[in-house]
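Notes for the one structure printed next.
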Amino acid sequence: MGHDHPHGKPENVLKFSQDNKVIVDEGPLKKMFEHPDVKNRKIVAFSIIGAYRKGKSFFLDYCLRFLYANFPSINYPNNPVESPDDWPGSEDEPLAGFSWRSGSTRDTTGIVMWNDIFLHTIETNGEKIAIVVMDTQGLFDNETSPMDNSRIFALGTLISSIQVLNLSGVVQEDQLQYLQFATEFAKFAADDSHGSSGKPFQNLIFLIRDWSNPDDHAFGTEGGESYLKYFLKVKSGQKEELKSVRQFIHSSFEEISCALLPHPGKSVAGGGRNIQQNKKYDGNWGAMDEDFKIELFNLIENLLKTERLVMKKINGKDLKGSEFLEYVQQYFKLFQSDKLPQAQSIYESTVEKQMNILIGLCIDNYKETVYKNQDLISNISQIPVFHNMSKNQALLIYKESKKMGNSDHETKFKKELSKQIDKLFSEWKNRSEANIKKIEEEKEKTLKALEEKQKLQLEQIENERKAAEKLRELESLKSAKAIEHEKYLKEKEIAKARLEAEQLRSQNAEFEKQKAEAFRKELEARLENERLRNELDKKSKRWCTVM
């Protein structure tokens, strides 16, 4: 797909001049948001904000290529005319759109809107939306005052539904604190007439350029999410000001995400880490390092796909084009008026908040020292000494901590810290004295209880000794009885054996007697038989003789 023209042009709708005046050009605003195809559509306000000359306009121009390839617009209603997949164009095509080249000199800063608005109908519900693209100029350069930076950042936050915060290298603590400061400024402006229920702002995307630690967190959105989760995590033991800024950011935006991009390559950015350094580079993607090109295109496709488009809300209501125009005009007029706090009052408020956080940390240290070691005080005379030691430690923390403000602020808040510590001392002094008396009473009670316990222990030991001695006697008697019983059993066994032997002898004797008697009777029988035979023989002989 070719991009022979930039399709539109940037309109500097709000400027901050060098004399700190706010200049609003309502002509382009009315022309865009009162357009018949825009005024009744819900608005998606996509913006990028960040430091000057860090590649945000360059990134935004590639976003424009994607949008023109995928959506029609009020200036080009017949788009897209070719395959949306070819949105990056040819590899040698120069980049057009928002001015991004180095060397531009200006005397104003502000918010720039692309004068073409993209139109889209969501297929799932038939909802018609209009996509507005915005850029900011000149943040954190040597020409723009901190107050203007805050107002630009605050206005961008108020207007946007998707805001990309373009950063280089890593997210730094001072950048988070500045984000909190500018977001508080935006909340102040919003709450002046129409506060937002719930979280006041929609999506915030941290875009980290030139990421150099892909081994820790990979390039792209997944690595960005893990990095952001690590960096924005509220941890136990974390300093109060670090917790505060993280909790504030989480409470201010409905969704916070992150993406990590590698360095674009020497052909794009020369030998340095700034995308604007190579003045000969015309923005074509053919000169980019391959990994940067892949991650850049994937990120843009992910950010601008239909399901990621978030409508601008006020009080939970999606704004249509005509309503969006009304709110933008109201915001711009508010920033032109004297209703917003002046830089000095914001500064004082920030100093007071930071110093109160520091005082809170010192007070916490005093309390921790006192309550942690209070039991070490053994008599009432030690109480003021212990108080002074704890107070001096807290004051030393205050002295050595990095602080905002001047010497007057330091003296003022030091007095406040000392006053609060002395008030705490007066509150815990009586408690400490009562505690010491209580401890002494408890010690006396403990000694008496210990003596009683020792007495009971001695009695118990004596009773146990007597019981053991009696047990030994019983065991000895039992042992003697066992021996006697064993002896009795043995004797009984011997007697039994003797009786059995005697019985056996008696049985044997009776048997021998019976045997002898039987022999005698047998002998007598034999003798009788012999006698009878003899008599018979004699009779026979006498008979034979007679014959």
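The values are calculated or read from the model by the stated rules, or taken from the named source; none is laboratory data. None of these values were measured; they are calculated from a predicted model. Reconstructed Cβ throughout: ideal geometry from the backbone, glycine too, with neighbour counts over all protein chains shown. Surface areas here come from the heavy atoms of the whole protein model, side chains and all, with no ligands, DNA or RNA. Shrake-Rupley method; radii C 1.70, N 1.55, O 1.52, S 1.80 Å.
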- Item | Length gained when the stretch Ala482-Ala495 is fully extended (0.36 nm per residue, less Cα-Cα span) | 2.7 nm
- With segment 395-488 reduced to its Cα atoms and the Debye formula applied, log10 I(q)/I(0) at q = 0.10, 0.12, 0.17, 0.25 1/Å amounts to -0.64, -0.73, -0.90, -1.15
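Do you know the relative contact order of segment 222-264, to the nearest whole percent, from alpha carbon pairs under 8 angstrom that are 6+ apart?
Working: 21 pairs, mean separation 24.8, N = 43.
Computed value for segment 222-264: 58 percent relative contact order.
For Ala218 and Glu535, calculate 0.36 nm times their separation in residues minus their Cα-Cα distance, and state this gained length in nm to one decimal.
Difference between extended and current length: 99.2 nm.
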- What whole number of Å gives the distance from the Cα centroid of segment 38-75 to the Cα centroid of segment 405-439? 56
- Over every pair of different alpha-carbon atoms in segment 457-514, take the mean of 1/r and invert it; report that Kirkwood radius in Å. 15.4
- Note on the structure: Going residue by residue through segment 214-223, the Karplus relation 6.51 cos²θ - 1.76 cosθ + 1.60 with θ = phi - 60° gives ³J(HN,Hα) values, rounded to whole Hz and with x marking Gly or Pro, of x, 5, 7, 9, 5, 4, x, 7, 5, x
- Query: Quick one: ranking Ile383, Ile461, Ile439 by accessible area, 1.4 Å probe, largest first, what do you get?
  - Reply: Ile461, Ile439, Ile383
- Query: So, in nm, how far is label Asn298 from label Thr124 when the simple model puts each one 7 Å beyond its Cα toward the Cβ?
  - Reply: 2.3
